[in-house]
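The values are calculated or read from the model by the stated rules, or taken from the named source; none is laboratory data. Keep in mind that this is a model prediction, so the values were computed, not measured. Note: ideal-geometry Cβ built from the backbone for every residue, glycine included; neighbour counts use all protein chains shown. In case anyone asks, the SASA skips ligands and DNA or RNA and just uses the protein heavy atoms, side chains included. Shrake-Rupley method; radii C 1.70, N 1.55, O 1.52, S 1.80 Å.
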Amino acid sequence: MSEPLRLGIAGLGTVGVGVVKIVRKHAALLEARAGRPVTISAVSARSRGKDRGVSISDFAWEDDPVTLAKRDDVDVFVELMGGENGPAKAATEAALAAGKDVVTANKALLAHHGQALAIQAEAAGRSIRYEAAVAGGIPVIKSLLEGLAGNQISRVMGVMNGTCNYILTRMESAGLTYDQAFAEADGLGYLEADPQLDVGGIDAGHKLSILSAIAFGTQVDFDAVELEGIGAITIEDIRAAADMDYKIKLLGVAQMTGRGLEQRMSPCLVPDSSPLGQLQGGTNMVVLEGDSVGQIVLRGAGAGEGPTASAVMGDIVDIARGIRLPVFGQPATGLRNVPAARAAVPAPYYLRIQLQDKPGALAKIARVLGESGISIDRMRQYGHEDTTAPVLIVTHKTTRSALEQALAGFRETGVVEGEPVAIRIEAV
Ligand code: HSE
């Protein structure tokens, strides 16, 4: 019989337990596909005695994930602890130094240390695989690394945080306020321990920075991702967007421009009828565009035990088969360090302005737009309150700097109440 591929699993939360279950349930299937058995030698987690619904008594136990990572009976270190520093980073580095391959679901680790870890792995002739780090069960890493390897990628887009999509969808479908939808997501256990990772766009930004590196042959640069969360989105914006046949999504967009790599994770309007506009609840969607393939759309569960463990197992089977790829699709020493291009590509914008309801107010707003070089595409005014009226404007394509000039100009007019809202409309 062929030598088994022996796993050491650090982290026995939802995903770790899912991996244990698949290794047991599909032992014969995995062996047939990998050409060798896949076994678990040892595990490590915060608490040994916790009831996880699966027995771990067959496996050796290590309190310290670094010790686990270096064990002689471990071929692949499976890192499912999370966290950008601390034990996850120390144990991953230790595993690579000890000649192990690594499979991880840790987007924060790769977003912050992906380049250094890739250099270490490739120098040692080892693999780091991370399908589960981006969009849960959707095989988007494999699609970019392998299936689309013959394409020049022009744009990567995605809704990659299910919690945010759930909140925005519930605001839209049930008329909930942001706070109500957030509380509902919290009650369902959707939020990360630090909710800002979700609603602040950080988790999705981590994922986008990883996809960018593969798509554009660049060093992972999470710090260059322009981040804006969903906390400022109101039910009024959701309704107004719907009225104009748009949905609001926390959308990641990465594209190479003449000025460098643009990476944005921010609320955007997308056409209601587009696949992204139709995406409901906690589901993820990634849209990839290549010069030969055109546009492809991948959709599926972005989190949860089964989908995320499925992604981990795909990586493990590849390693068992002897498939070895550069971490980001080409040798890490050759990945480019390109400048960040902030909002380089012009776009139309949706504006919501609370305007004083008096003669000449609208003319002042129109004048500011004109002086900023911004042309109006569509405009609506309804829902007057006592002394104010909301004005909704969709602009033609404009630059961020022109938009910022207009927003500053609105403040000078003396007819605008509060802060105007401006949300980019993404062509999808
Ligand atoms: N918290 C993430 C989400 C899953 O809501 O999609 C883990 O990245």
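Things worth noting here:
- Under a 5 Å amide H cut-off, with hydrogens placed 1.01 Å from N, residue 40 pairs with 7 among residues at least 5 apart or on other chains.
- Within-13-Å neighbourhood charge of residue 186 [Cβ basis; K, R +1; D, E -1]: -4
- Scanning the chain for trypsin sites (Lys or Arg not before Pro) lying in DSSP loops with no more than 12 further Cβ atoms inside 10 Å, the longest uninterrupted stretch between such sites is 51-428.
- R0 of 22 Å, Cβ-Cβ distance residue 26-residue 324: FRET efficiency to nearest 0.05: 0.45
- Spin-label model, residue 67/residue 291: points 7 Å from Cα along the beta carbon direction are separated by 5.4 nm.
- Spatially proximal lysines relative to residue 247 (Cα-Cα < 28 Å; intrachain offsets below 8 disregarded): 107, 207, 397
- Neighbour net charge for residue 357 - beta-carbon separation under 14 angstrom, K R +1, D E -1: -1
- Rolling a 1.4 angstrom probe over the protein heavy atoms with all chains in place gives the chain an accessible area of 41 Å² per residue.
- Rounded Å value of the spacing that divides the Cα centres of the range 146-172 and the range 325-394: 21
- Whether the range 148-301 is rounded, prolate or oblate, judged on the alpha carbon gyration tensor where a/c under 1.5 counts as rounded: prolate
- Computed over the chain with a Gaussian network model linking Cα atoms closer than 10 Å, the most mobile of 167, 153, 376 is 376.
- Counting only aspartates and glutamates at least 8 places from residue 358 when in the same chain, those with an alpha carbon closer than 20 Å to its own are 385, 386, 412, 417, 419.
- For the chain, built as a Gaussian network whose Cα springs stay under 10 Å, the top-fluctuating residue of 220, 66, 102: 66
- Charging the Cβ of each Asp and Glu at -1 and of each Lys and Arg at +1, and nothing else, the dipole of the chain about its Cα centre rounds to 840 debye.
- Dipole of the chain [Lys/Arg +1, Asp/Glu -1 at C-beta], most positive-end residue of 296, 286, 390: 296
- Linear extension gain, residue 417 paired with residue 85, 0.36 nm per residue minus alpha-carbon span: 115.1 nm
- Sorting 197, 144 on solvent-accessible area from highest to lowest, probe radius 1.4 Å, gives 197, 144.
- Pairwise label distance in nanometres, residue 188 with residue 381, each label 7 Å out on the Cα-Cβ vector: 4.0
- Counted residue by residue at 0.36 nm each, then reduced by the alpha carbon distance between them, the extension gain from residue 333 to residue 298 reaches 9.6 nm.
- Between residue 55 and residue 236, the simple spin-label model (points 7 angstrom out along Cα→Cβ) gives 6.1 nm.
- Annotation: the antiparallel percentage among DSSP beta bridges lying fully within the chain is about 65.
- Rounded to 10°, Cα long-axis angle of helix 14-25 versus longest principal axis of the chain: 40
- Inter-part distance where the range 194-263 and the range 1-66 are each reduced to a Cα centre, Å: 35
- Using the Cβ of residue 162 as centre and a radius below 13 Å, the other residues enclosed give a net charge of +1, where K and R count +1 and D and E count -1.
- The chain: relative contact order as a whole-number percent, Cα under 8 Å and 6+ apart: 16
- Rounded to 10°, Cα long-axis angle of helix 361-371 versus longest principal axis of the chain: 60
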